[in-house]
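First up is the structure itself, then whatever we jot down about it.
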Amino acid sequence: MSKVLVNLEHISKSYDGQMVLDDLNLYIRENEFLTLLGPSGCGKTTTLRILGGFEQPDTGRVIFEDQDITTLPANKRQLNTVFQKYALFTHMTIAENIAFGLKIKNKSKSYIDDKIKYALKLVNLDGYEKRMPDSLSGGQQQRIAIARAIVNEPKLLLLDEPLGALDLKLRQDMQYELIRLKNELGITFIYVTHDQEEALTMSDTIVVMNQGYIQQIGTPENIYNEPENAFVADFIGDSNIIGATMIEDKLVEILGTRFACVDVGFGQNKPVDVVIRPEDVELVDESEGTITGVVSHLIFKGVHYEMEVQAAGFEWLVHSTRMFPVGTPVGIKVDPFNIQIMNKPESEDEEAAKIDE
């Protein structure tokens, strides 16, 4: 297991009396691609800014390689930040932009020239030294911003929604570029996004945040397949989230019908939330279904059909490669392994409260 590079201990931060981070604890390992994911206002960018030294926490400590750097200024930290707005110097050439940080460190001209060539090669823009930023596309400018950050050989690269301004195809290309760079350079990446697909594609570890609390930490597969609460299930991909009753271990009653499941330890006749992903809802002949319904909506999405099925008073979202026309009576089956049981929160406050690691 890689060693821990950064520890955020009991970090709290509020603005104008409004709590943005509430006793946040998080550690980041060396060479990890960790993504902070959540809706606007959840505290992810504030966490990044505290890490980068652009904000001071009200309480708590930032530990970097066993050193307390909580009050260390941003320019003294062994890290670099890439922002959504590329912040390139428009009056400087690409080479001068990339060399900026190295010149401040008084590196020799030959060292700087080597580093510029190396960084441009890494981001697939060799030969662009003499170009000006405004002659480049958005994707190229973002790659220069990344090149400028990596020539300083930071141990940690902070990326604040760096692909947000790019179009979809370019964004996907850049996602693969960033994964490649991380693997080649051995730098730890901390990435902020509200784009679930981006987080699932790129991360080793995802930290899902809401209202200043960490809701769940895990691998992309773990977060998607085993969400710890309804917020995570709803935020990561599409979900059918249904109030249900846990009759006993491995048996749950959903919308008045009993389904076999694999979860245990929830007690008997306990109210729970059930998550069933749309791709895990199997549409079959009426006679074969655990419950029956009627297709009420149909969209072709390319790789699958997206359907809504009215069944037992609930609108089920279904993704299937088989097409059932609107108005078709269908049966619904779900494999026991694909029924995810979660405890119901007792109150709205608990719904936002953190899940301890």
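None of the figures in this text is laboratory data; all of them are computed from the coordinates on show. Model, not experiment: these values are computed from the prediction. Cβ coordinates were reconstructed from backbone atoms using ideal geometry, including for glycine residues, and neighbour counts include every protein chain displayed.
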Note to self, the chain gives a 222 nm [θ] from helices alone (DSSP H runs n ≥ 4, -39500 (n - 2.57) apiece, / all residues, nearest 500) of -7500 deg cm²/dmol
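Residues with beta-carbon under 10 Å from that of Tyr86, excluding Tyr86: net charge, scoring Lys, Arg +1 and Asp, Glu -1?
Details: positive: Lys85, Arg143, Arg148; negative: none.
Residues near Tyr86 contribute +3 overall.
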Ranked output for segments 217-228, 286-297 by mean other Cβ atoms within 10 Å, highest leading, reads 217-228, 286-297
Charge tally for neighbours of Val252 with beta carbon under 14 Å away, counting Lys, Arg as +1 and Asp, Glu as -1, is -2
Packing-ranked peptide list from 79-92, 41-54, highest mean Cβ count within 10 angstrom first, is 41-54, 79-92
Once both label points are put 7 Å beyond Cα along the C-beta direction, the Val4-Thr321 separation in nm becomes 4.5 nm
Residue-ordered couplings for the range 80-92, obtained by feeding phi - 60° into the Karplus form 6.51 cos²θ - 1.76 cosθ + 1.60 and rounding to whole Hz (Gly and Pro as x), are 9, 10, 10, 9, 4, 7, 4, 6, 7, 7, 5, 8, 10
Note: the range 1-147 at 4 °C, 1.567 mPa s; Kirkwood Rh on alpha carbon pairs; Stokes-Einstein D in µm²/s works out to 74 µm²/s
Among beta bridges assigned by DSSP with both residues in the chain, the antiparallel ones amount in percent, to the nearest 5, to 75 percent
Most packed first (mean Cβ within 10 Å per residue), the peptides 336-343, 188-195 order as 188-195, 336-343
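Summing +1 for each Lys or Arg and -1 for each Asp or Glu, what net charge is found among the other residues whose Cβ lies under 15 Å from the Cβ of Gly289? Don't skip to the end; give the middle numbers.
Values: positive: Arg258, Arg322, Lys333; negative: Asp280, Glu282, Asp285, Glu286, Glu288, Asp335.
That works out to -3.
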Contour minus Cα-Cα span, Lys107 to Ser40, at 0.36 nm per residue, comes to 20.1 nm
For the range 38-52, in residue order, the Karplus 3J(HN,Hα) values (coefficients 6.51, -1.76, 1.60; θ = phi - 60°; whole Hz; Gly and Pro = x) are x, x, 4, x, 7, x, 5, 5, 4, 4, 5, 5, 5, 4, x
HN-Hα couplings for the range 328-343 via Karplus (6.51, -1.76, 1.60; θ = phi - 60°), in whole Hz with x for Gly/Pro, come out as 6, x, 9, x, 10, 10, 9, 4, x, 5, 9, 9, 9, 9, 9, 5
Here the averaged projected area of the chain, based on the convex hull of its alpha-carbon atoms and given in nm², is 21.2 nm²
